[in-house]
Amino acid sequence: MDLSQYAELFLAESREHLSACNQLLLAWERNPASPEPVGGLFRSVHTVKGMAATMGYARVADLAHRMENLLDQLRRAGRPPGDAIIQLLFRATDALEKAVALAVTGRERDLDIAELLAELDRAAARDAAPSPPPAAAPLAAASPADIAGSGRLVQITLRAEAPLKGGRALLIVRKAQSLGTVHNLTPASPAFETEDFDGRFAFRLETSADAAAIEQALRGVGDVERIVLDEDEAPAPRLEAAAGGRTRHIRVDLRRLDALMDLIGELVTARGRLNELAARWSSRDPAIDDVAIQISRLSSELQAEIIQARMTPVWQVFDRFPRLVRDVARQLGKQVAFRVEGKEIELDRAILDEIGDPLVHLLRNAVDHGIETPAERRKRHKNPEGEIVLAAVRERASVAIRISDDGRGIDRARILQKAQREGVVSPHVEALSDDQLLRVLARSGFSTADAVTSVSGRGVGIDVAMTRIRALGGSIEIRTEPGAGTTFVLRLPVTLAIVRALIAAVGAERYALPLTYVAETVEFGATAMTTMEGRDAIVLRDRVVPLVDLRKLLGTNEAASSPPQRRPIIVLEMGERRTGIVVDGMVSQQEIVVKAFEAPRGTLPVFSGATIMGDGVPALILDAAGLL
Amino acid sequence: MSDATRARLLVFRVGTLVCAAEVDQVREILPRLPTTRIPGAPPVVAGLVNVRGRLVTVVEGWRALKQEAPATGEGVANSGSMLVLNLGQTTPGSAGGAGGGADQAQEQGDRLVGFTVDEVMDMLTVGTGAAETTVQERGGGDDGGDGGLPGLDPTLVRAVGRSHGALFVILDLAALLGPILLQGRGEQ
């Protein structure tokens, strides 16, 4: 059997397990007395070993085997591991990750791990306990085989995101009791109250009800992910529970989803044509209208499904950050508590793939420049352990990702001085607003780090992050307060593929403006006019908003049509910045399929792509970030 | 360029110039479609068209080859044909175009460009013994060389051919269209 076609799958699955290993090691490092992590680690490493052996990657399997040995010793010993062991396991996990990557590219031989293997063996030998103490087995590890007894075996997994799992589990047990007699409940009901109850439990049920009736009754309680009746199958391993408990997943190549997206785009366009035709022909045969309406509905649903299929929870990227923050903090001798919020928020896969690097830059910056050393923090009466929070929040049509630290904040005076010295900011400026500060920091190569450390060179990171986020149609904001910390907010569209947009007319042309950054529309002349830095501007609720006339900006052929008397102004807002876009008229508001196009030399840098309108004619999409 | 001497060629006319492109590089021939202007782009770029859901940037043939504008005047937009040319695989990163990752699959696929012509004339197979059709590589000399091609930059010509006594040039499409379209995303 040719296994090479499975290499990609092996890589993806191994990475998931290794990511889980990192999470577990971090948890173990924080709380070495906890008995939980070692079991999970053992299972993950064991799985990688099995997969590697199947693929014929002997060295990967060997490394995993030695790790497994050590973990097995530790598991049996049941006592907290020393720091040296944890660090060894971190290194071994890194090596395993590297080994997996090398193996799938056929370069397994490049792997030099002899020393690490010896170290793992020595550690395992040292930790070998002559007689494994009967450490209390964690409840979750109880296998169904232990749940002997009469009646049907019922195994239940609650949804990972279900709140108050313990309460839900009790309700399910009570429901089961209404069908018959429940015994051998595992874990026993008091365990439902503990924090680490993961939503999986099992019991025997003596009842005359049939399988369908049992399943229906128990599912009726709600939040049930999975019910297994009578099968002596082990409950789903922990990793799957962490992955949201969804087991009915397949892996799909992203390119397939992209291709589907393109096809659906064409279908939407064809639907527009069909609707036009239907309107024209419906007097001859009214049935054509019905068909057109049905096609419209079906294609809308199909479109929504495909977009949903592209959505991916942010934890897929966030999960590697705890390890990163820990490593950087250790390297710099800082103490950092790292918290992640909103892991389940979803973003289009294409966006998610792009934001990893910018987030790495910002997190490194936060540890390196934000968080002070423990000594400095003590002097300032702060907790010696700093805090960094990475939080994702769903907003109207976008997702905000916030990276905040409780560190020293950015020294505006110093940045201003340096910016003035370098001629970036006029010497008359007395203070930098948050917005100006960000613009200065984001200048490529602008660095205020006293010495460029191996961790970050400040300006470079923010510069890279800004460019990437803007290319995705997103924005970055900064808030900083001396002594209290710094927060970066990244705003991203939920999907790149389809956005709601305002279609504006300019002369005979149409342009699409994504609604993500449209704050409001006002009529030209309905508000007071003024000027701002030589540009026309309007006063909107006591704020001066500069105007951009699209006719002038885009060089619309004036001779072809003169502007109408009353022109609408579309006010765009991104962070603190606002700009009014003067157009000729508003055509409609609709969902558009975003497509890339080959931009010729000279193309104005204000387009983020193009779309195809209902009549089949392309229209360019204006990029809010480019206009502001 | 020995393959060029054995190639199948599509012969078309732009202004007074009779040109040819290898059939392998022509994905399809469409009637000329209305284009959407790309603000800021030079006049040689006619704009964007929708080719079955794919956005294709169209280059105005007569401008690119420095020919007179077609005489049809106002009706220009609907006369003539458009060749959809395949300039080969794009490499990730150099893929032109504004916009997001929605079209990544496409961007990694073929790079398509529209090219307007006045008239598609013929399809020829050369190098298979058809005596009336011959092809001479550029710089080959004695059939008039570049002499019969007034105003055409010789670097855009891959070879010169003769069919039934009439001269035609085989265009170097990459050399002709590359400089017009090439725009890195970073410049945006």
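Here are some notes:
- A simple count of charges around A:K175, restricted to other residues whose Cβ falls under 13 Å of its Cβ and scoring Lys, Arg +1 and Asp, Glu -1, yields +1.
- Centre-to-centre, using Cα atoms only, segment A:275-351 and segment A:460-485 are separated by 23 Å.
- Counted charge near A:A101, where neighbours are those whose Cβ lies closer than 15 Å (Asp, Glu -1; Lys, Arg +1): -2
- Label-point separation in nm, A:R535 to A:A211, each point 7 Å along Cα→Cβ: 6.7 nm
- Estimated inter-spin distance, A:D253 and A:Q331, nm [label 7 Å along Cα→Cβ]: 3.6 nm
- Pairs of Cα atoms nearer than 8 Å and 6+ residues apart set the relative contact order; for segment A:4-127 it is 30 percent.
- Converting the Cα gyration tensor eigenvalues of segment A:4-127 into ellipsoid dimensions via √(5λ) gives semi-axes, longest first, of 24, 15, 11 Å.
- Segment A:254-313, dipole about Cα centre (Lys/Arg Cβ +1, Asp/Glu Cβ -1), debye to the nearest 20: 120 debye
- As a calculated quantity, the FRET efficiency between A:N31 and A:L171 at R0 = 30 Å, using C-beta atoms, amounts to about 0.45.
- Pairs beyond 25 Å (Cα-Cα), from A:K552/B:K66; A:K165/A:K334; A:K49/A:K98: A:K552/B:K66; A:K165/A:K334
- Residue-averaged beta-carbon neighbours from other chains (10 angstrom radius) around A:251-263: 3
- Distance from segment A:574-604 to segment A:34-63 (C-alpha centre basis), Å: 50 Å
- Stokes-Einstein diffusion for segment A:254-313 at 4 °C, viscosity 1.567 mPa s, with a Kirkwood radius from C-alpha pairs, works out to 103 µm²/s.
- Förster radius 51 Å - calculated FRET efficiency between B:M123 and A:R107 (Cβ-Cβ, nearest 0.05): 0.60
- Counting Cβ atoms of other protein chains within 10 Å of each Cβ in A:601-614 and taking the mean gives 6.
- Karplus-derived 3J(HN,Hα), 6.51/-1.76/1.60, for each residue of segment B:47-54, Hz, glycine and proline x: x, 9, 10, 9, 9, 6, x, 9
- Cubic angstrom per residue, convex hull over Cα atoms of segment B:21-74: 116 Å³
- Counting charges near A:G525 (Lys, Arg +1; Asp, Glu -1) among other residues having Cβ under 13 Å from its Cβ returns a value of 0.
- Its Cα centre serving as origin, segment A:42-105 has a Cβ charge dipole (Lys and Arg +1, Asp and Glu -1) of approximately 140 debye.
- Relative contact order (percent, whole number), chain A, Cα cutoff 8 Å, 6+ residue spacing: 8 percent
- Normalised by 2.2 N^0.38 Å, where N counts its residues, the alpha-carbon radius of gyration of chain A equals 1.17.
- Eigenvalues of the alpha-carbon gyration tensor of segment A:472-628, scaled by 5 and square-rooted, set the equivalent ellipsoid semi-axes at 26, 22, 14 angstrom, largest first.
Every number here is computed from the coordinates shown, using simple stated rules; none is lab data. Keep in mind that this is a model prediction, so the values were computed, not measured. All Cβ positions, glycine included, derive from the backbone under ideal geometry; neighbour counts span all protein chains shown.
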